[in-house]
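Written below as structure tokens is the structure these notes are about.
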Amino acid sequence: SKTGAGGRAAFRDVANSRSRSSRAAFGAAEVCRRCVAAIERSFRFGRLGRIAMIEYKAECGHTVRARNEDAGKVVRCSYCGRETEVPADTGDDLEFLFNEVEKTSAQSPGPKKAPRRGRAGPFMLGKRSRGAFDPFGIVLKMGYAAILIVVVYAVSTKWIFPLWDKDSRRVAQDVRRGDDGRVVRKQRQPAAPKQARRNREYGLITLRGNGGLYGMSVPTGAVLYCALSEEVGVDERVRNVRNCMRIQTDGEVPNVPPGVYTIEVALPWHEPKIKSYPGYREFRRKVEFAKDKERRRAVREFFLPDGASDVLVKRERDDITYIYRRYENIEIHKGEWTTVRALFLPRIRGETEDSFLIEPVVTKFLPKESLYSFDENNVRSELDIYDVPLIDRQYIVDALSRIGAIPYRTPDGRLRLFKVRVDNGLFAPRVIEEPSQ
């Protein structure tokens, strides 16, 4: 920018002072950045250092320098050779400097300020002034609002509204009006036992398929070996038969070829769950070094009967001792389910030697999850026919809903296996031991 009148006076004061430290003086004069640059160039070329010289333009345009004492005299121009008169010293020694500053300002204008760009939207077709009507922006905002409304509605419909409706129905069911018009809150019933995922109305609710062999054990984790009876030799282990089937309990084998089979279920005797049975320590010590006949008798006395034709304790090649339950003459028919239930449950003796208690077995050693569905009213009426005491009927029903079978000695002295079928939930008891004479 150009220097004003005050700036020119300050420059003259600096020049007349003949001071070489002119930069500090120029800073005090508060001159502009371009002026300082021009002054520095003047110092570089020595113009302000020879401030006593008179500089002026000759007729040819060349700059002529003359001493102050030559003012008013005629000198010869060193460029064109013509004579020219030296002007008088007017004291305006910085006119040349100001002319240089003006030229510098004209040749080097300040940096142009970049025009401010407006925010570019996806529908901006050109530059719009502030406050101009923008239909595309309005449509875009309405689209965003519609998407937000749809998301909120979907989340509310899926998660929030069902909770509110469930609570409302629960309050409506729990609250009623009494005969006197007052609001009475009903007592809630205790929660039902946990139910497994249901695949059928009655029977084993996790069963799939239309027929085959289903093997289960309590506790689970035993191994079931199955082979045709005609292929199993006398006193031969089923697991040693060449073509035997092997499954882990609880498990199912669909589409088993029809025939008569021999099945063995093996459970390691160090299974953690059977270690919690009362008297397990004494049982373990008794069978560890006993003979085979004594082992069989010890197993029958320690575990509940379940219809197995034979029991034994055997140490196998893997150095693990197994408790076996053997089931013979198991018929398997095409399109039907055949079930083998191996119950490794403790026999808790009752008042007599051949009796046992069912209540501690059901409450302490059975799984809590209900896997079987059946008509409870029909089962209770059947138990009434067998003269089962009322105190034991509920335990039998609970056992059937959890494992599908439970042995029980009825008042007539017969040992029966109460069970429900896995495919349709029908009550199907059978006698597994006649009363002793």
Simple spin-label estimate for M53/N329, 7 Å along Cα→Cβ, in nm, reads 14.1
What percent does the relative contact order of the range 331-424 come to when contacts are Cα pairs within less than 8 Å and at least six residues apart?
25
Given 374-382, 347-355, the highest-first ranking by average Cβ count within 10 Å works out to 374-382, 347-355
Please compute P(r) over all alpha-carbon pairs of the range 239-365, binned at 5 Å starting from zero, and give each bin as a whole-number percent.
2, 9, 18, 21, 19, 14, 10, 6, 2, 0
Around S381 (Cβ within 11 Å, Cβ-to-Cβ, excluding S381; K/R +1, D/E -1) the net charge comes to -2
Can you tell me the dipole magnitude for the range 253-390 around its Cα centre, using point charges on the Cβ only (Lys, Arg +1; Asp, Glu -1), in Debye to the nearest 20?
880
Percent antiparallel among DSSP beta bridges (both partners in the range 215-348, rounded to 5):
85
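Counting other C-beta atoms within 10 Å, and keeping those with at most 12, which DSSP coil trypsin sites (Lys or Arg not before Pro) do you find in the range 198-274?
The qualifying sites are R198, R208, R242.
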Highest-first arrangement of 53-62, 416-425, where packing means the average Cβ count within 10 Å:
416-425, 53-62
How large is ³J(HN,Hα), in whole Hz, for each residue of the range 211-217 in order, when computed from phi with the Karplus curve 6.51 cos²θ - 1.76 cosθ + 1.60 and θ = phi - 60°, using x for Gly and Pro?
x, x, 10, 10, x, 9, 8
According to a simple spin-label model (label point 7 Å from Cα along Cα-to-Cβ), what is the distance in nm between I149 and D292?
8.4
Taking the mean number of other Cβ atoms within 10 Å as a proxy for protection, how do you rank 215-228, 64-77 from highest to lowest?
215-228, 64-77
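Each reported figure results from applying straightforward, stated rules to the coordinates on display, with no laboratory input. Everything quoted here is computed from the prediction, not taken from an experiment. Because the Cβ atoms are built from the backbone with ideal geometry, glycine has one as well, and the counts that use them run over all protein chains shown.
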